[in-house]
Amino acid sequence: MPVADLEFPRSSMFERLAKPKPMLILFAIMWVPLTLYVMFGLDDVVLLPAIPATIALYFICLWAFRESTVALVGLSLVFFWLIMAVSAPYLPLLDPNKPIAPFATPWTEKKETFFVLGSDFKGRDLLSRMIWGCQRVLIWGVSATAVAYVVGTVFGLIAGYLSGWWDEVISFISNVFLSFPVMVLFIVVLNYLGPSGFNIVIAVTFASAPAIMRIVRGLTLDIKTRDYVFAAQTRGEHPLYIMLVELLPNVRGPLIVDACLRLGYTTVAITTLTFLGLGLQPPDPDWGLMIRESARVAMLWKFSYMLLVPALSVSSLILGFNLLADGLREISLRD
Amino acid sequence: MTKFLLKRILQMILIMLTASFILFVIFDTPEFKKRLAVQELGGFAVSALTDASYESWLEKKGLNVPFYERYSNWIGAVVKGDFGFSQEKNREVGPLLWDKLKKTGILAFWVFALMIPLSLVLGVLAGMKEGSLQDRSVSFISVFFTSIPEIATAILLTVFLALGLGLVPAKSAMISGFDWKALVLPVLTLVIYDFGYVARMTRASMAEVMTSQYIRTAILKGLPYRRVIMKHALRNALIAPFTIIVLQLNWLLSGVVVVEVFFEYDGFGKLLLEAALFPDIEVVQACTLVAVLVAVLSQIISDIGYTFLNPRIRFS
Amino acid sequence: MDEVTPVLECRDLCISYKTRAGEIPAVIDFNLKLMPNESHGIVGESGCGKSTVALAIMQYLGANGYVKSGQILFNGHDMTAMSQEELRKLRGSQIAMVYQEPMASLNPAMKISDQLAEVPMFHDGTNEADAKMKALQMLEKVKLPDPSRIMNSYPHQISGGQQQRVVIAMALLSNPKLLLLDEPTTALDVTVEAGIVELIRDVAIEFNTSLIFISHNLGLILETCDRLTVMYSGQAVEIGDIGDVFDTMRHPYTRGLFNSIPLPGADKKSKPLLPIRGQLPLPHERPTGCYFGPRCDFFEEGRCDQELVELEEMAEGKNHFARCLKSREIDWAAEQATVIGRDAVLPGEVVLDIKDLQKHYRVERGGLFLFGAEASTVKANEGISFHAREAETVAIVGESGCGKSTFAKVLMGLEDATSGNIQFGDIELGSLTVQDRKADTISKLQMVFQNPFDTLNPSHTIGHQISRVIRKFGVEKEPAKVEARVMELLDIVKLPRDFAKRRPRQLSGGQKQRVGIARAFAGNPSMVIADEPVSALDVSVQAAVTELLMDIQRDHRTTLLFISHDLSVVRYLADHIVVMYLGQIMEQGRTDEIFSPPYHPYTEALLSAVPVADTSIEKRKIVLQGELPSSLNPPKGCPFSTRCQYKIDGLCDMEVPPVRTVSMDVDRLRGHQILCHLSEETLNNMLPVFRSKGSSDKEEGQLEPAE
């Protein structure tokens, strides 16, 4: 196209993220306490620094992605749930696990308690269960995706760069896993390991890492024909150095968009597995669990709010991830 | 071409062998054997068993035979068409599976029959004019619908169409015989979740073709716009969506689990989940094997289709 | 006298693109008058707007581009005011276009017959059978061998040169009044290019078509056009008849352009290239006043940087225009005194000695991954022998697929040789891959790469990438000293020191290539391999990078192995030339020996194919028939026998030719060698390819460097 005639200095998506380092620090301040709190049951206090960090990160991201409306909408949806997750203990909410008054419809008072979104069949407040319910999905979803990425990227780099025998073996194994329909793989793995958050991480890794490995392998095969990789080879650099210093920084760009999409899939998977009884376990609130528990009870128009609340919550989070991915793709294509 | 086919079939057999082997390894652990015993004899009876009598139970079931021997026996049986016996359903696995597959097949047929024309038409319309209003609206609709997971779609459809308006039954168990109405919700759920993805892929493929240099050549040759689209663009733009649609078969086997369980539709997905939770090992093995077979076959079909549709590969 | 209506006239044409950053003017105040049967060349570097002009004439500027003001008159009708339907009727019938990349321009999923037949079917209402008949005849006219086979092929089944002929046939099918050619030969090899250029000239006459020929190559324009527009940064800076512009140029940029290309008269010792300093301004950073101002030697502050410069007619009635305020003041005849010739460098000891090097690849075709596969051998390099001395420049010349890149890979140790010796200093490298070489050996042999966009890792800063080499080769260890060495290297390649903190994205192509050179020289190598280091750069930048490379080489007494397809560059800088074809050396010798008879028939054709931008030189036309054979299935006997015009049937296509030593160097180490069956007499009787105009055949044709 003629536009290519005019060459502009282009900045990468990374440089668009205004200042990547402060963002990473803020992310750590947000993420580490939340993980400790959800995975290891630490005290509420650990979440205190995470609240301002999350809000600050939100505003920085808004600024960085200001060009794409789609990305901004996605960002806002995701951060809504992130802020809910870190501030849940400090919000004026009812105890999510305490039965108060069953079958209270939304916006009514029952047993001297006002239920904004109603209560479930056990009498637990749906609003507070909805807000608390995002914590586990977010933590396990992000952790599982992250682990899958590490595994997929390592094998992808090895298969793509070293080729030959390494590639044959890694590609064959990943083909085996890719031949299982995802849900079948989940069912088999979780049935074997037993349902729990940590096992979800393992199951997601088995299901996602082969696909990520394929993407990284493809990118590596492309990048390794570039002259700067030849230059490193003719300098006699160790393959490990080439993989980590020359290749890795250049594959991460295209992976960011994919990561956002995959976060969405993982969230779907966790919710679905929990609904099927293979994921997170009661009593702590979780959207999938909320659906599972009320699926039989709520089959009446009158009580359908019990299903609608978690269904809409999980949809909004996934929509957030997908819109963010779309916006990022749009921005990166402009680069 | 035959060489290519042979190679793929060989690969498929190797993958299925590996997959079934992994399954066998998983179900051969002592914990699983114990769970089997609990299923058959009851938890109390198992905990009361002495080691010796547990051993004799294993022997009776043929579970004490070394792993490789059981594996090769099983492979031999499967090749003969014997998939074993379902503990839970008390039935031969072969006919049971065939029954459920037929039901899921009906579901899949309608899903594809609706999804393919819908997604292709939307995708082509969007990709024809990148950045136009029609492109933006189709893109938004596809992102929006792919973002609602099946479980949420199922809930929303049930609440509004079944519970609210009462148009269709909320559950599709079909206890009193086959009912077309009961098929509506499961099919709609799967279509709504899936069409967006295919439409987006079609759009991307079409948009890429429209910016290609040979489309520029066709326009600057002075061809009418209709001819450019129908003769030059579509043929190239539909190659990628075709392979993606075939690969959706693999995805459908995942989606079908949730939908069948939620709507209590008595098909393959529900059978698999129930068997896994029971655990009804021979059923799980057979189901997985079938799932892998379908997945690998769909990959082969998509590969062959791609080769056939793309003259660049066909004649090289 | 009746005024003849021009076929095409652009009046004060301004074209802009809408981008997020605002409106970007791509073409400013463009005027062009094209008379029937005239061919007009548009020449300029990348980003000068020449392709935009072509697309504007087709009224196909994409979603963002638009004609801001001015008119495009085709046969007197304004195209900017036409409806889509009117345009459709013009496109492909009255105005046709030939594109840069023939492969991408043809629909991969349609047979060539269908793609051709569409034109008469939709423009003349011909039925399909007649249209195909017409298409077949046209394929014959563009001299395609076996047209009926090509009709039934898909585009990827024929070669690049054939594809371009198909595109030309498609353009000619309904007798267009105007043919637009946008860099039609850039993607092709030189010998194929020569055939296409000849075809274009022939069809222009045969079909009475006016041509607009867009190119970055002045030599090609000279061979095809009557008039010429030179463009710079969106403006036409000089317009005139070919002869006027080539011989009496009146714009400093045009002169700069001619000074940057190695013409047969140029010589690295006596008459070095004169690069244009600085670089092309980005469209949104154009200076006020004359766009060329900041790079111009005649720039006058307060005058040239005031307002937009208008085109001015140079002499009454000569139709020669230039966009320069000072064109009447500059003494164009004066010799450019700034040139300082270099002293000749005496080559030293032999550094690299290659003996009978072979590199074969096994290619497996359609094999099942467990069963045995049908394997064949590709002889990428066969019987390569030559040597290079200290401080000498040896050039390896050849077209795509000749094995020059494979050779570089073997030398660098990325692949091992199948057989033969590579003696580098006192080390044998042939069987030593880079993992097995000592750091010391590796640092002595470094490489400059072809593609400036690929040569640097986009994720790391310039400083990081250079210092890595310094530390890796142990040149310096302490951070402060490493830092100092990086700065020193940046000085050597004439880049500002603060570039160390920049990332490759912030650099232009030429600057990246300079960093690539700095990186290659960071480890104090004794030999540098340069693989087409300037072929991806713009002409004015090419000269600067070439000169820089040679200066550093001279100062460090480095041996330079220069790999190129461009004989004019090679002639300019090489001491010894090796000509390769399909993996074998066809001819080698001193530069002057290669450029004068006796020639190897392939060298002769190669020389004749190179477009020369000099009106005073006459070329003997030798256009090769056929295409480059596949290296998977090379000809028996002499690799060149399938295209050679001197082929002796039964000998050349059966037996491998002998190496004839035409003459020996003084030290008897090497000489002028030709791999050919032809008798010495035939070889000696060959006429020179280049002649000064006016000199008769009997004169000694070899052009002496103008001194």
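The values are calculated or read from the model by the stated rules, or taken from the named source; none is laboratory data. Only a predicted model underlies this, so the values are computations on that prediction, with no experimental measurement involved. With ideal geometry, Cβ positions are generated from the backbone for all residues, glycine too; neighbour counts draw on all protein chains shown. Note: areas computed on protein heavy atoms with side chains; ligands, DNA, RNA excluded. Shrake-Rupley method; radii C 1.70, N 1.55, O 1.52, S 1.80 Å.
Please list the non-local residues whose amide H lies under 5 Å from the amide H of A:GLY279, H modeled 1.01 Å from N, same-chain partners needing a gap of 5 or more.
A:THR274
Where the centroid of each part is defined by its Cα atoms, how far is the range A:271-335 from the range C:184-199 in Å?
Their Cα centres are 61 Å away from one another.
How many nm separate the modelled label positions at C:ALA63 and A:LEU244, each set 7 Å beyond the Cα in the direction of the Cβ?
4.3 nm
Of the accessible area of the range B:1-63, with the probe set at 1.4 angstrom, what percent is carbon plus sulfur? Provide the component values of the computation, followed by the final result.
Details: 2520 of 3730 Å².
The nonpolar share, carbon plus sulfur, comes to 68 percent.
On average, how many beta carbons from a partner chain sit within 10 Å of the beta carbon of a residue in B:154-164?
Partner Cβ neighbours, averaged per residue: 5.
What accessible area per residue comes out for chain A, rounded to a whole number of Å², with a 1.4 Å probe?
40 Å²
Over what distance in Å are the Cα centres of the range A:140-166 and the range B:10-58 separated?
Cα centroid of the range A:140-166 versus Cα centroid of the range B:10-58: 32 Å apart.
DSSP loop trypsin sites (Lys or Arg not before Pro) in the range C:576-673 with at most 14 other Cβ atoms within 10 Å of their Cβ, which ones?
Hits after loop and neighbour filter: C:LYS621, C:LYS636, C:ARG668.
For the range A:214-239, list residues with backbone N below 20 Å from a point placed 7 Å from the Cα of C:HIS464 toward its Cβ?
Residues passing the 20 Å test: A:220, A:223-239.
Just the number, please: buried accessible area between B and C, total of both chains, 1.4 angstrom probe, nearest 100 square angstrom.
Approximately 2900 Å² gets buried when B meets C.
Helix-only estimate, please: 222 nm mean residue ellipticity of the protein assembly as shown, summing -39500 (n - 2.57) across DSSP H runs of length 4 or more and dividing by its residues, to the nearest 500.
Values: 48 runs with 662 residues, N = 1358.
Theoretical 222 nm ellipticity from helices: -15500 deg cm²/dmol.
Could you calculate the FRET efficiency of C:ASP491 with C:ASP436 from 1/(1 + (r/R0)^6), where r is the beta carbon distance between them and R0 is 41 Å, rounded to 0.05?
Values: r = 35 Å, r/R0 = 0.85.
Calculated value: 0.70.
Can you give me the angle between helix A:69-87 and the longest principal axis of chain A, using Cα atoms only, in degrees from 0 to 90, rounded to the nearest 10?
50 degrees
Using just the alpha carbons, could you tell me how many Å³ per residue the convex hull of the range C:394-531 encloses?
So the per-residue hull volume is 124 Å³.
Please work out the C-alpha center-to-center distance from the range C:413-489 to the range A:61-101 and express it in whole Å.
Rounded to whole Å, the Cα centres lie 52 Å apart.
I'd like the interface area for chains C and A: accessible area of each alone minus the complex, both sides summed, 1.4 Å probe, protein heavy atoms only. What is it in Å² to the nearest 100?
That pair hides around 3100 Å² of surface in total.
Could you work out the mean count of beta carbons from other protein chains within 10 Å of each residue's beta carbon in A:300-311?
Shielding by partners across A:300-311 averages 4.
Using 1/(1 + (r/R0)^6) with R0 = 30 angstrom and r between the beta carbons of C:GLU198 and B:ARG312, what's the FRET efficiency to the nearest 0.05?
Computed FRET efficiency for C:GLU198 and B:ARG312: 0.50.
Label 7 Å along Cα→Cβ of B:ASP99; the range B:257-276 residues with amide nitrogen under 16 Å?
Flagged as within label range: B:265-275.
List, by residue number, every residue in the range B:111-143 with a reduction of 50 Å² or greater in accessible area between the chain on its own and the complete protein assembly, 1.4 Å probe.
Residues shielded by partner chains are B:VAL143.
Accessible surface of C:CYS324 in the full protein assembly, 1.4 angstrom probe, to the nearest 10 Å²?
That residue has around 20 Å² of solvent-accessible surface.
How fast does the range A:279-335 diffuse by Stokes-Einstein, in µm²/s, taking the Kirkwood radius from C-alpha pairs at 10 °C and 1.306 mPa s?
Diffusion coefficient, whole number: 119 µm²/s.
Run the quick spin-label model on B:ARG70 and C:ASP247: label points 7 Å from Cα toward the beta carbon, then report their separation in nm to one decimal.
About 9.7 nm, to one decimal.
Apply 1/(1 + (r/R0)^6) to the Cβ-Cβ distance of C:HIS360 and C:VAL659, taking R0 = 25 Å, and write down the FRET efficiency to the nearest 0.05.
With R0 = 25 Å, the Cβ-Cβ based efficiency is 0.80.
Divide, for the protein assembly as shown, the radius of gyration over alpha carbons by 2.2 N^0.38 Å, where N is the residue count. Write out the running numbers ahead of the final one.
Values: Rg = 36.4 Å, N = 1358, 2.2 N^0.38 = 34.1 Å.
After normalising by residue count via 2.2 N^0.38 Å, the value is 1.07.
In square angstrom and rounded to 100, what buried accessible area do you get between chains B and A, total over both, with the probe at 1.4 Å? Don't jump to the answer; show the numbers that get you there.
Details: alone 17490 and 16920 Å², together 30450 Å².
Summing both sides, the interface buries roughly 4000 Å².
At a 1.4 Å probe radius, carbon and sulfur cover how many percent of the accessible area of the range C:510-556? Could you put the intermediate results ahead of the total?
Values: 380 of 990 Å².
Solvent-exposed carbon and sulfur of the range C:510-556 make up 39 percent of the total.
Quick one: how many Å² of A:PHE275 are accessible to a 1.4 Å probe, rounded to 10?
20 Å²
Within the set B:LYS129/C:LYS132; B:LYS231/C:LYS89; C:LYS444/C:LYS472; C:LYS271/C:LYS621, which residue pairs have Cα atoms separated by over 22 Å?
Violating the 22 Å limit, Cα to Cα: B:LYS129/C:LYS132; C:LYS271/C:LYS621.
Let's see if you can work this out: charge +1 on each Lys and Arg Cβ, -1 on each Asp and Glu Cβ, no other charges. What is the dipole magnitude of the protein assembly as shown about its Cα centre, in debye to the nearest 20? Walk me through the numbers before you get to the answer.
Working: 129 positive and 144 negative charges, 781 e Å.
Approximately 3740 debye in magnitude.
For B:ILE141, project a label point 7 Å along Cα to C-beta. Then give me every residue of the range B:163-199 with its amide nitrogen under 18 Å of that point.
Zone members listed by number: B:188-199.
Which residues of the range C:103-121 show a drop of at least 40 Å² in accessible area when all protein chains are present, compared with their chain alone (probe radius 1.4 Å, heavy atoms only, ligands and nucleic acids excluded)?
C:ALA104, C:SER105, C:ASN107, C:PRO108, C:ALA109, C:MET110, C:GLU118
Probe of 1.4 angstrom, ligands and nucleic acids ignored: what's the accessible area per residue over chain B, in square angstrom?
45 Å²
With a point put 7 Å past each Cα toward its Cβ, work out how far C:SER535 is from B:ILE106 in nm, to one decimal.
Going by the 7 Å Cα→Cβ label model, 6.6 nm.
For chain C, what is the accessible area per residue in Å² when the probe is 1.4 Å?
Here the residues of chain C average 40 Å² of exposed surface.
Does anyone have the angle between helix B:51-61 and the longest principal axis of chain B? Alpha-carbon axes, 0 to 90°, nearest 10?
60 degrees
Over chain A, with a Gaussian network built from C-alpha contacts below 10 Å, which listed residue (A:VAL137, A:VAL154, A:VAL297) shows the highest mean-square fluctuation?
A:VAL297
Between helix B:239-263 and chain B, what is the angle of the helix's C-alpha long axis to the longest principal axis, kept within 0 to 90° and rounded to the nearest 10?
40 degrees
GNM on chain A, C-alpha springs below 10 Å: top fluctuator among A:ASN322, A:ASN97, A:ASN199?
A:ASN97
Report the accessible area of C:TYR66, computed with a 1.4 Å probe over the heavy atoms of all protein chains in place, in Å² rounded to the nearest 10.
Here the residue's solvent-accessible area equals roughly 60 Å².
Which of A:LYS224, A:LYS122, A:LYS21 ends up with the largest GNM mean-square fluctuation for chain A, with Cα atoms connected below 10 Å?
Checking each option, the largest mean-square fluctuation is seen for A:LYS21.
So, with a 1.4 angstrom probe, what is the percent of accessible area on the range A:126-334 that is carbon and sulfur?
Carbon plus sulfur share of accessible area: 70 percent.
Buried by at least 20 Å² relative to the chain on its own: which residues of the range B:267-302 qualify, computing accessible area with a 1.4 Å probe on protein heavy atoms?
Residues losing area: B:LEU272, B:LEU273, B:ALA276, B:LEU277, B:THR288, B:ALA291, B:VAL292, B:GLN299.
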